[in-house]
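The values are calculated or read from the model by the stated rules, or taken from the named source; none is laboratory data. Worth saying up front: this structure is predicted, and the values here are computed from it rather than measured. With ideal geometry, Cβ positions are generated from the backbone for all residues, glycine too; neighbour counts draw on all protein chains shown. For accessibility, only protein heavy atoms count, side chains too; no ligands or nucleic acids. Shrake-Rupley method; radii C 1.70, N 1.55, O 1.52, S 1.80 Å.
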Amino acid sequence: MVKHQPLQVYERQLCLSCITGIYGCRWKRYQRSHDDTTKWELLWSLILLLTFCLLLVWFYFWWEAHNDYSEFNWFLYNRSGEWSDGTVPILATTAAGFTYIAFLIVLALCHVALGQQLNLHWLHKIGVTVALLTTIIGVISVNQTWAQEWDVIPISLQATGPFLHIGALAAVTALSWIVAGQVTRAEKMMFQVVVVLLYVSVLLALYMVPLHITSPCIMDPATLKPRPNVIGHQGAPMLAPENTLWSFQRALQMNVTGLEADVAISMDGVPFLMRDLTLRRTTDVEKVFPDRQMDEASLFNWTDLQQLNAGRWFLKDDPFWTVHTLYQHEKERIANQTVCSLEQLLKLASYHNSTVVFRLRRPPPKHPCYDSWINDTLQAVRQSGVPQSLVMWTPDENRTQVRQLAPDLIQTSVVKRSHQILQQSGISSLLLRYNQVSREEIGNFSEAHINLTLYTINEPWLYSVLWCSGVSSVSSEAPHVLLKVPYPIWLMRPNEYCLAWVSADLISFAVVIGIFIFQKYRMSGMRSYNPEQIMLNAAVRRSSGDINVMKEKLIFSGHPQ
């Protein structure tokens with residue numbers, strides 16, 4: 001007796017084969033399955049989702065930390081003693097890892113949409129594990145060495161929050177297609193209720209997120225304060241070697257309102273400009289004084305310092321990747337730069353009527369000027385002939401004595417204090433890192449007539465946020481960038497933002513309802529078909545050349561009689 005199994009016709013589905021093949025190495029048709037995903041594979045799906053979320057935050061962190069890449073590289077230099085751009089490998093691995101994990105997430109969603117069983121291949125499981133562990137190690141490392149930089153996330157959200165909200169809303173709205181399909185196909189009522197409740201909860205949370213989004217750029221443009229002044233931090237270090245005379249001249253060519261420098265004191269009492277403790281990074285000390293290259297910069301006398309070249313390192317290391325943009329005569333001038341003294345800087349600032357703020361570093365205890373460092377610096381200020389009203393004095397040591405000797409200096413603090421204490425101390429200016437003050441504190445300092453300068457501001461988005469917050473001035477390594485920002489990048493009235501928010505929510509809600517109705521209608525006509533036929537109906541119209549006919553199987557249940 002012979003039993004005849006019905007003829008089965010399969011269509012070629014290249015897209016489905018690629019999806020199941022790349023995700024789980026299931027390239028053959030009979031390896032695909034509509035069975036429920038195992039608990040083990042569900043766990044791996046959760047791990048994949050966790051890795052994606054963590055990498056998303058990590059990627060966003062490094063994207064917004066672009067403002068402080070030079071600070072990060074300087075931290076690395078102080079730890080290793082060798083200069084290199086440490087952001088390049090981090091950015092490369094982060095971008096590669098995020099792209100890879102995002103691709104797997106898309107494939108997983110495609111599996112769910114097509115009703116296919118999730119079965120992540122073991123090679124991908126290794127890749128996901130490596131990506132997760134690498135990101136966790138990176139987060140821990142940043143937390144230990146550069147913990148203050150995490151503040152860039154809430155600050156950047158003041159600029160990107162409204163736009164990220166729209167993007168997240170669009171993504172979750174698009175996800176309703178998959179959710180509606182799963183709910184419609186599901187046979188268990190409990191599963192349908194749980195999935196719908198979870199999705200609706202996420203959707204409603206997103207609808208309400210704008211209630212917690214605060215940005216200084218959501219304001220009446222009529223209340224916008226004047227543009228913050230731009231101070232050249234170490235001159236224009238992206239276009240010329242930091243703390244050199246040419247760097248400050250470049251900054252002044254851009255019409256900055258002030259100059260900021262780092263000051264050390266030589267063995268013979270001459271204040272000079274140097275950020276590092278040693279001379280290795282920014283001079284050719286290893287060639288001129290090879291036996292002293294590890295000595296502190298303040299242990300050299302001024303005669304020795306004048307023998308050093310302070311510009312060639314910039315052309316060689318190209319710390320900001322800008323050397324290729326310079327003209328030949330600029331490169332020649334850079335190659336001839338020497339160590340700059342504080343007096344030279346003050347004379348230059350006096351000629352251009354520009355404010356000068358400097359951070360004075362006290363020499364080591366055995367230094368001849370350990371006790372006289374304040375007086376030596378004051379003497380350099382007086383010898384330069386610069387008006388005292390152009391000099392922002394930052395050291396807290398002997399501030400009362402300094403005020404008596406030079407009463408017109410702008411007393412400036414680099415330590416955060418309340419505006420009441422600053423006023424009582426006779427301090428009229430404050431120099432802080434941009435993450436050290438809130439919007440409310442900025443307003444309090446402004447009302448108390450205390451000039452607030454925040455550093456280091458290199459990105460237009462951060463400059464725009466601080467502009468809207470009412471900051472009076474910023475210190476920047478990129479004055480050539482900020483001075484081209486004529487207006488905050490975006491500015492929106494509260495009622496305009498409210499209208500955009502409500503409109504986006506209503507459109508999203510309408511689209512979600514429409515998708516659920518369409519999916520229910522679409523699936524209702526396919527109830528009588530098995531999963532194989534559902535998949536076939538979703539495919540393109542078959543042609544004779546695309547059909548593989550499986551041969552009829554003859555199943556013998558016994559011997560013919």
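See the values below:
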| item | result |
| --- | --- |
| Residue-level accessible surface for W40, protein heavy atoms, 1.4 Å, Å² | 150 |
| Mean Kyte hydropathy of 1.0 or more with a Cα span along the axis of at least 30 Å, helices from DSSP in the chain | 39-64, 87-114, 122-145, 152-185 |
| Euclidean distance of C-alpha centroids, region 164-196 and region 345-394, integer Å | 65 |
| Å² of accessible area per residue within region 432-530, as computed with a 1.4 Å probe and no ligands counted | 48 |
| Fraction of antiparallel bridges per DSSP, the chain only, in percent to nearest 5 | 30 |
| Protection proxy ranking, peptides 344-355, 273-284, average beta carbon neighbours within 10 Å, highest first | 273-284, 344-355 |
| HN-Hα J in Hz across region 425-431 - Karplus 6.51, -1.76, 1.60, θ = phi - 60°, x for Gly and Pro | 8, x, 9, 10, 9, 9, 10 |
| Amide H contacts under 5 Å for T456, placed H, 5+ residues apart | Y434 |
| Area accessible to solvent at F248, 1.4 Å probe radius, in Å² | 0 |
| For I489, distant residues with modelled amide H under 5 Å away | S464 |
| At R0 = 45 Å, FRET efficiency that the Cβ-Cβ distance of L109 and A147 yields, to 0.05 | 0.80 |
| Accessible-area ranking of D291, D220, largest first, probe 1.4 Å | D291, D220 |
| Burial ranking of peptide ranges 295-304, 481-490 (average Cβ count within 10 Å, highest at the top) | 295-304, 481-490 |
| Of (1) 20, 52, 25, 3, 0; (2) 18, 49, 28, 5, 0, 0; (3) 16, 39, 25, 15, 4, 1, 0, the label for P(r) over Cα pairs in 20 Å bins from 0, in percent derived from the coordinates | (3) |
| Anisotropy class of region 251-359 from Cα gyration tensor, a/c 1.5 cut | oblate |
| Accessible area per residue in Å² at 1.4 Å probe, computed on region 86-165 | 46 |
| Fraction of accessible area attributable to carbon and sulfur, the chain (%, probe 1.4 Å) | 62 |
| Relative contact order of the chain, defined on C-alpha pairs under 8 angstrom at six or more residues apart (%) | 20 |
